[in-house]
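A.B. asks: For reference, the structure I am asking about is given below.
The values are calculated or read from the model by the stated rules, or taken from the named source; none is laboratory data. Not measured: the values here are computed from a predicted model. So basically every Cβ, Gly included, is an ideal-geometry build from the backbone, and we count neighbours across all protein chains shown. Remember, those area values only see protein heavy atoms, side chains included, never the ligands or the DNA or RNA. Shrake-Rupley method; radii C 1.70, N 1.55, O 1.52, S 1.80 Å.
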Amino acid sequence: KKAIRGGAKMTLEQGAHLAEILGVIVVVVTLIYLSVQVRQGTELLRSESRQALVTNDVTSLASNFQNADVFAKYVAGNEMSAEDQLRMSFMFALDLRNREFEYFQYTNGLLDEQTWLAYRHVILINHSTGRGRVWWDEIGREIVDPAFAKLVDKLLVDAEPDDTYKRMATWANG
């Protein structure tokens with residue numbers, strides 16, 4: 001037996017129990033610390049994911065702005081030259097890859113459902129029209145992950161043609 005404060009003695013067994021208690025306390029404190037670190041890491045990852053989404057949107061919008069003439073032909077249903085079709089294909093591909101990225105951010109828990117549904121609507125804007133569906137069937141389905149392609153197919157199966165681009169081109173005319 002060993003003397004401790006005030007002359008009381010601690011047995012080896014009591015010392016072992018004290019060591020176990022201290023060990024449990026250290027484990028609990030470590031788990032709390034790790035939990036805080038994981039939470040902060042998750043928040044940082046979500047923040048970085050959101051920044052990537054914004055960057056993707058800005059890139060896409062800038063590209064679309066530079067190709068407004070092609071969108072005007074698309075909306076009006078006018079004939080599109082081979083160059084116009086290429087430019088439209090690049091814009092559709094860029095937007096589709098952005099939606100694919102957002103879909104995987106959503107399925108991995110980094111994007112909330114409401115935000116995903118807002119981003120997902122762009123698929124309908126681009127591909128629920130006659131020309132958009134042709135592009136999806138001829139090109140789009142082949143350039144994305146098969147699981148995402150199935151989601152787009154399901155989304156488009158009963159979709160009414162979206163007129164967002166037409167409304168964007170005519171909103172100021174009353």
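A.B. asks: How many of the residues making up region 122-141 are open to solvent by less than 50 Å² (accessible area, probe 1.4 Å) and part of a helix (DSSP H, G or I)? Explain how you work it out, then say what you get.
C.D. replies: Taking region 122-141 first, the residues open to solvent by less than 50 Å² (accessible area, probe 1.4 Å) are 122-129, 132, 135-136, 140.
Restricting the remaining residues to those that are part of a helix (DSSP H, G or I) gives 122-127, 132, 135-136, 140.
Result for region 122-141: 10.
A.B. asks: While we're looking at this one, here's another question. Cβ-Cβ below 9 Å, separation at least six or inter-chain, first residue in region 58-78 and in contact (Cβ under 8 Å) with a residue 60 or more places away in the chain and in a helix (DSSP H, G or I), second among the hydrophobic types (A, V, I, L, M, F, W, C) and open to solvent by 70 Å² or more (accessible area, probe 1.4 Å): which pairs?
C.D. replies: 71/168; 75/168
A.B. asks: Still on this structure: Is it the case that some residue within region 50-59 is open to solvent by 50 Å² or more (accessible area, probe 1.4 Å), at pLDDT below 95 and of a type in the set (Ser, Thr, Tyr)?
C.D. replies: Applying the first criterion (open to solvent by 50 Å² or more (accessible area, probe 1.4 Å)) to region 50-59 yields 50-51, 54-55, 58-59.
Narrowing the set further to residues that are at pLDDT below 95 leaves 50-51, 54-55, 58-59.
Adding the requirement that they be of a type in the set (Ser, Thr, Tyr) leaves 55, 59.
Checked region 50-59: at least one residue is open to solvent by 50 Å² or more (accessible area, probe 1.4 Å), at pLDDT below 95 and of a type in the set (Ser, Thr, Tyr).
A.B. asks: In region 162-174, which residue that is within 19 Å of residue 70 (Cα to Cα) and not in a helix (DSSP H, G or I) is least open to solvent (accessible area, probe 1.4 Å)?
C.D. replies: Narrowing region 162-174 to residues within 19 Å of residue 70 (Cα to Cα): 162-171.
Filter once more, keeping what is not in a helix (DSSP H, G or I): 162-163.
Working: 162: 32, 163: 75 Å².
Out of the qualifying residues, it is 162.
A.B. asks: How many of the residues making up region 142-152 are within 16 Å of residue 119 (Cα to Cα) and open to solvent by 30 Å² or more (accessible area, probe 1.4 Å)?
C.D. replies: Residues in region 142-152 being within 16 Å of residue 119 (Cα to Cα) and open to solvent by 30 Å² or more (accessible area, probe 1.4 Å): 1 in total.
A.B. asks: Of all residues in region 66-121, count the ones that are surrounded by fewer than 15 Cβ atoms within 10 Å (Cβ to Cβ), acidic (Asp, Glu) and under 28 Å from residue 170 (Cα atoms).
C.D. replies: 3
A.B. asks: Then there is this: Which residue pairs have Cβ atoms under 8 Å apart, sit 6 or more places apart or on different chains, and have a first residue in region 91-118 that is in contact (Cβ under 8 Å) with a residue 12 or more places away in the chain and among the basic types (Lys, Arg) and a second that is surrounded by fewer than 15 Cβ atoms within 10 Å (Cβ to Cβ) and in a helix (DSSP H, G or I)?
C.D. replies: Matching pairs, first to second residue: 97/143.
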